[in-house]
Amino acid sequence: MTIALVIPAYNEAATIAGIVHRARQQVETVLVIDDGSSDGTATQAESAGARVLRQPDNQGKGAALWIGMQAALTIGATAVISLDADGQHRPEDIPKLLDAWRRQPNRLIIAARLERRESAPRLRRFANKMADFWVSWAAGYPIRDTQSGFRLYPAAFLHKLMPPPNGGGGFVFESALLIQASHCGYPPATVAIETLYLPQGRRSHYQPWRDTRRITVMVAKELLKRGLYPLGLFRSLEWLPLSQKHRH
């Protein structure tokens, strides 16, 4: 079993070396996708032992994730874990995702920030709840913390994916992956992790109003394709039982 860790990074020189060092205590293969950084992110990641793939310019998180996932599949990864580079995920929680995946190999695993949620800004919590509602509706499945970038993707699911639209997709791509996973028979499961909000850290690349709006537009298009998918809404709200394929 080969586990590859993919870390999209844009101007994360202040934190990336420490994240890579800690991650390599948990998994052997760490891939950092330097998304057009100008601050030495690639050098810091390489010095900490990561394999670095460099983008010539900033193309967004979706494009970076896609490149990292394809590179991981090329080396024969059986599962790919994605992790953010800003220090708001603990690499030491990686075993929680692996344990959950071993118990449920046909599930996408989300490290959901359910512990100490009150430490996150109120606007961020509101935006996350809105995204959870819309993404869960389109997925036809109740999903917690749809905006967590700390996930485990089974390779069997990744082999079925198409590249993100327009070469990138930004944060929308991560939400689209949850919808695709649910409809492909890999419904997300969650493991609870602590919310780590670092007010002294750099400003998040996620813009609550802008990115939540983009996610909502993507979801609206998915719902229109499915005739507004009322069955998905009822299942996401747990008013109806989940379909048999979601009970694996």
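The values are calculated or read from the model by the stated rules, or taken from the named source; none is laboratory data. This is a predicted model, so every value here is computed, not measured. All Cβ positions, glycine included, derive from the backbone under ideal geometry; neighbour counts span all protein chains shown.
Filter region 55-75 down to the residues that are among the small types (Gly, Ala, Ser) and within 13 Å of residue 4 (Cα to Cα) and list them by number. Working first, answer last.
In the first step, residues of region 55-75 are kept if they are among the small types (Gly, Ala, Ser); the result is 60, 62-64, 68, 71-72.
Answer for region 55-75, where residues must be among the small types (Gly, Ala, Ser) and within 13 Å of residue 4 (Cα to Cα): 68, 71, 72.
Just the residues that are modelled with pLDDT of 95 or more and not hydrophobic (A, V, I, L, M, F, W, C), please, taken from region 16-37.
18, 21, 22, 24, 25, 26, 29, 34, 35, 36, 37
Restricting the first residue to region 3-19 and requiring it to be within 17 Å of residue 109 (Cβ to Cβ) and surrounded by 24 or more Cβ atoms within 10 Å (Cβ to Cβ), which pairs with a second residue that is among the polar types (S, T, N, Q) and at pLDDT 95 or above meet a Cβ separation below 6 Å and a spacing of at least six or different chains?
4/29; 6/82
Where residues in region 21-42 are without any contact (Cβ under 8 Å) to a residue 60 or more places away in the chain and within 17 Å of the chain's Cα centre (by Cα), which of them is surrounded by the fewest Cβ atoms within 10 Å (Cβ to Cβ)?
The extreme case among them is 31.
One line per residue, one yes/no per condition, for (1) closer than 22 Å to residue 45 by Cβ; (2) without any contact (Cβ under 8 Å) to a residue 24 or more places away in the chain; (3) aliphatic (A, V, I, L, M):
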{"site": "82", "(1), (2), (3)": "yes, no, no"}
{"site": "107", "(1), (2), (3)": "no, no, no"}
{"site": "125", "(1), (2), (3)": "no, yes, no"}
{"site": "132", "(1), (2), (3)": "no, yes, no"}
{"site": "147", "(1), (2), (3)": "no, no, no"}
{"site": "152", "(1), (2), (3)": "yes, no, yes"}
{"site": "157", "(1), (2), (3)": "no, no, no"}
{"site": "163", "(1), (2), (3)": "no, no, no"}
{"site": "177", "(1), (2), (3)": "no, no, yes"}
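Could you tell me whether region 233-242 includes any residue that is surrounded by fewer than 16 Cβ atoms within 10 Å (Cβ to Cβ), in contact with a helix residue (DSSP H, G or I) (Cβ under 6 Å, 6 or more places away or on another chain), of a type outside the set (Val, Ile, Thr) and at pLDDT below 95?
Taking every residue of region 233-242 in turn, at least one turns out to be surrounded by fewer than 16 Cβ atoms within 10 Å (Cβ to Cβ), in contact with a helix residue (DSSP H, G or I) (Cβ under 6 Å, 6 or more places away or on another chain), of a type outside the set (Val, Ile, Thr) and at pLDDT below 95.
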